[in-house]
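K.L.:
Please see the structure below; I have some questions.
Read the figures in this text as sums done on the coordinates, not as results from a lab. These numbers come from a predicted model, not from an experiment.
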Amino acid sequence: MKQEKVFASWSGGKDGCLALYRAMKQGKDVRFLANTVSEDGKRSRSHGVRASVIKKQAEAMGIPIVQQPTADDDYEARFIEMIEGFKREGVTGGVFGDIDFNAHREWIERVCKKAGVTPYLPLWLEDQSKLMEEFIGAGFKSVVIAVKSEFFGQEALGRVVDKEFLDYLKGMGRGVTVCGEAGEYHTLVIDGPIFKKRLAIAKSEKVTRGEHHFLEILEMETLDK
């Protein structure tokens, strides 16, 4: 049976990674990672991570990445343009890590329809605690790289997403979702079963911009597993 060629929407975090992992296990052929970056190409649009860090991540997994420059006023048009490029390479579907944000699902369905590809949301409406347990249990390793200051202090930056962190999140209450689906925190995956190499943060600093604290990754190492 011929594998369907797909792309995976990619910001570097755990949810998109788990969706990608599931798609692979379902037999889909993930040909590209789709990452939107700032107009100057220096930072990922989603979490402000340096584009070079996301590129190293893709290299560690061995999956080609397309980093599409976008601006606020042309984001959707550039995203569709990127998908159309994938389609010319035989891609017929896209994998997204969204869990329960309806407005974004509607956006995904609209842009995929315009580009003529099928959207797949493997995690949609699943229990967030179980998704986190699946991610950790599969052997993925990720670290917290951004947090909303109303919920977390800078000490949360750099924490490994493990069972202890999951228990910590469950005990917080105050409207914090376990997967951070409302943007409470963001992660960067540095190792796991789909990684050919593992990553290590060699140099970083903690900074605050607006209402968020960030782990600014200055140097990233690629290591043998």
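K.L.:
Averaging sequence separations of C-alpha pairs under 8 Å and six or more residues apart, then dividing by the length of the chain, give the relative contact order as a whole percent.
P.N.:
20
K.L.:
Only bridges with both residues in the chain count here: give the DSSP antiparallel percent, nearest 5.
P.N.:
60
K.L.:
Which residue, Gly48, Gly180, Gly27, has the most motion in a Gaussian network model of the chain that connects Cα atoms within less than 10 Å?
P.N.:
The residue with the greatest mean-square fluctuation here is Gly27.
K.L.:
Could you let me know the centre-to-centre spacing of the range 49-89 and the range 183-225, using Cα atoms, in angstrom?
P.N.:
Cα centroid to Cα centroid, the span is 18 Å.
K.L.:
Shifting gears a bit: Quick one: compute a quarter of the convex hull surface over the Cα atoms of the range 134-224 and quote it in nm².
P.N.:
6.1
K.L.:
Going from the alpha-carbon gyration tensor of the range 75-189, what semi-axes, largest first and in whole Å, does one get by taking the root of 5 times each eigenvalue?
P.N.:
31, 15, 14
K.L.:
To continue, here is another question. For the cross-link pairs Lys14/Lys56; Lys25/Lys203; Lys55/Lys225, which exceed 25 Å when the distance is taken from alpha carbon to alpha carbon?
P.N.:
Lys25/Lys203
K.L.:
Once you have all Cα-Cα distances for the range 5-120, histogram them in 10 Å bins from zero and send the whole-percent values.
P.N.:
Reading the bins upward from 0: 14, 49, 35, 2.
K.L.:
Which residue, Ile201, Ile145, Ile190, has the most motion in a Gaussian network model of the chain that connects Cα atoms within less than 10 Å?
P.N.:
Top of the fluctuation ranking is Ile201.
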